[in-house]
1. For region 364-372, take each phi angle, set θ = phi - 60°, evaluate the Karplus expression 6.51 cos²θ - 1.76 cosθ + 1.60, and give the result in whole Hz per residue in order, putting x for glycine and proline.
2. Can you run phi through the Karplus equation (6.51, -1.76, 1.60; θ = phi - 60°) for region 339-353 and list ³J(HN,Hα) in whole Hz, with x for Gly and Pro?
3. Subtracting the Cα-Cα distance from 0.36 nm times the residue separation, let me have the gained length for ARG78 to PHE293 in nm, one decimal.
4. Cα to Cα, under 27 Å, and not fewer than 8 places away if on the same chain: which lysines meet these conditions relative to LYS259?
5. As I understand it, the dipole of region 204-319 uses +1 on the Cβ of Lys and Arg and -1 on the Cβ of Asp and Glu, about the Cα centre. Which of VAL314, PRO209, VAL267 lies farthest toward its positive end?
6. Can you give the log10 of the normalised intensity I(q)/I(0) at q = 0.19 Å⁻¹, computed with Debye over equal Cα scatterers of region 101-215?
7. Sequence-distant or interchain residues sharing an amide H contact under 5 Å with GLU228, placed H: which?
8. Could you list which residues have their amide H under 5 Å from that of GLY212, counting only those 5 or more apart in sequence or on another chain, with H placed in the peptide plane?
Amino acid sequence: MDRRRRERNGHRPARAHRLLRRQPVHDGLHGSLRRLQGLGHRARVRARGPRALSRAEVDRSSPRNLSTAESPADAAFRTEVRAWLEAHARRRSGDERDWSRFHFSGDPSPGADAEHVRRCQEWQRKLYDAGWAGISWPEAHGGRGGTVGEARIFAREQARFEVDTGVFAVGIAMVGPTLMTHGTPAQQERYLRPLLRGDEVWCQLFSEPGAGSDLAGLRTRAERDGDEWGVNGQKVWSSGAHHSDLGILLARTDPDASKHRGITYFVLDMHSPGVEIRPLRQINGVAHFNEVFLTDVRIPHTNVVGEVDGGWTVAHTTLANERNLIGGGTTVGFRDFLRLAEGEGRVGDPVLRQRLAAAYMRFEVIKYLGLRAQAAARRGGAPGPESSVLKLAVSRHVALTAILPSRWRVRPARSCTTTPRTAGSGSSSSWDNGACASGAAPTRCSAT
């Protein structure tokens, strides 16, 4: 295939890499990236190749539907958000005082974990009292009654500050929407406001040792006994279960039904007798995931969400919102990597420039996938396939990006052992911890 034909068919990444190779070192990486941005629009236009696009496809991918331009109302909202955050939080600096990046801290102790949860709860309560919690939630449930767009604006602005609400991710992003859709009025009254205030932390109890990607193959059993259910089984990979007060649980209630139909969705009090939580310690010493064993656990029938044996439908709502949550990305941006590379004195390295360019393009792709998901939300639709694609893109991006700093390090890498936090989140050592936490750099991390 000759060069012109390749370019007609949308092979722009190669041209982007040639552009970086052509730039003299003194031009700087910033100039190269600006040129990459200029190529971005033309690359997106030709990315589908010579096939003619339908009117619907053109409308869905039209720049006007993915526009980043803010309305005057959104711009005013952003200004209000920024002013409030400036008055109540510290700008992210990356030094040792930045408690918001706990998973990069290098301190895996239970005491550090409990302190992080406490500070998250403290900040969440401050948001609630000031009217900034649950921005897109209805006012009837304690929210602000705003739009999804306003919620995203707040999240982006908040990411600039040394605060964190990560322990509430499952509750606010997944449990809340599920209960608003399928919960009874009594369940909504009991759980939603305490969740937004930061009073209770939630976890997800779906996956099992033999039911991960095939979730409908779960074997945890729940049997009706009057006004209660007796539950026996095991869950795994439950994030934050060790510090959670409540959990959303899937259990099989009709073993004779087809595997998608005999499942019921429960709310579980994590302090119930018979609940045993065993943290799974990762290679960097942090215990983020857990195994949860359920032995004759009693759950009130009033804690059933949706219909008995109809939990698969309820779970779909939760999983759709989970994909949206994971696809939302992280607080780590491209500039964090660029700043670290500059600190290492490596931005003139042509190989590193190529890798940074690839990372930049991944960040841009994720940004535009996010805009597509936002456009769907503005049209009033539920999270759909765009959220699934976004989740996959983010997962791949996290794995590739976590090991990026290790590839330009000129000094020996330290192993991810359980040392106290001595460096800020922008330091080399904290990035080692981040790579270990992501599972992306097994060859560079050693357990002791």
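1. 5, 4, 5, 4, 6, 5, x, 5, 5
2. 5, 5, 5, 5, x, 7, x, 10, 5, x, 6, x, 5, 5, 4
3. Numbers: separation 215, 0.36 × 215 = 77.40 nm, distance 4.47 nm.
That pair, ARG78 and PHE293, stretches by 72.9 nm at full extension.
4. Cα-Cα hits under 27 Å: LYS235, LYS391.
5. Sorting the options by dipole projection puts first PRO209.
6. Log10 I(q)/I(0), no solvent term: -1.07.
7. Correct list: HIS301.
8. none
Every number in this text was worked out from the coordinates using simple rules, so none of it is lab data. Everything quoted here is computed from the prediction, not taken from an experiment. FYI the Cβ positions are ideal-geometry reconstructions off the backbone, even for glycines, and counts take in every protein chain you see.
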